[in-house]
Amino acid sequence: MPDLSITVTENGPLSVKGPFRLVDADGNEYEIGERKRVALLTVFFFAFLPQFVSSGDSQSFLRMLQLSAAFMLLTFVIFGIYGVFAAAVREQVLTRPRVLAWMRRVLPAPSSP
């Protein structure tokens, strides 16, 4: 029997390779077709999102995908807000010599590689 391998890839997702079945807590099997390899976005979704899906839902996998998409969209929006805020703070810091001087005294200088 071929071995099952789970590999953590460079950018984070888990890559599952080999013969496997994906089942929920009630033993219902998810249809993954004839694929021999599947990349799991993150273990977080499998651990966190099922609590928001009814165990009797006939389309639980679709619900998980919907919740995952909503989570990713909210994350994108929040990171966008962080980016706008960081750009505003950067502008305020760079245009004030006293703030720059204070930051240079308080924060360590970056080290050379």
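The values are calculated or read from the model by the stated rules, or taken from the named source; none is laboratory data. Here the structure is a predicted model, which means the values were calculated and not measured. Cβ atoms come from the backbone with ideal geometry, glycine included; neighbour counts cover every protein chain shown.
Mind listing whichever residues of the stretch 90-113 are aliphatic (A, V, I, L, M) and surrounded by fewer than 10 Cβ atoms within 10 Å (Cβ to Cβ)? Result: V106, L107, A109. Would you point out which residue out of R63, R90 is of a type in the set (K, R), part of a helix (DSSP H, G or I) and more than 22 Å from N28 (Cβ to Cβ)? Of the residues listed, the single one that is of a type in the set (K, R), part of a helix (DSSP H, G or I) and more than 22 Å from N28 (Cβ to Cβ) is R90.
The set of residues in the stretch 66-87 that are aliphatic (A, V, I, L, M) and closer than 30 Å to Y30 by Cβ comprises L67, A69, A70, M72, L73, L74, V77, I78. Does Q59 count as under 29 Å from S5 (Cα atoms), at pLDDT 80 or above and polar (S, T, N, Q)? Taking the combined requirement at face value, the residue satisfies it.
Here A47, A70 are screened, and the one residue that is surrounded by 11 or more Cβ atoms within 10 Å (Cβ to Cβ), within 25 Å of the chain's Cα centre (by Cα) and either modelled with pLDDT of 85 or more or not in a loop (DSSP other than H, G, I, E, B) (or both) is A70.
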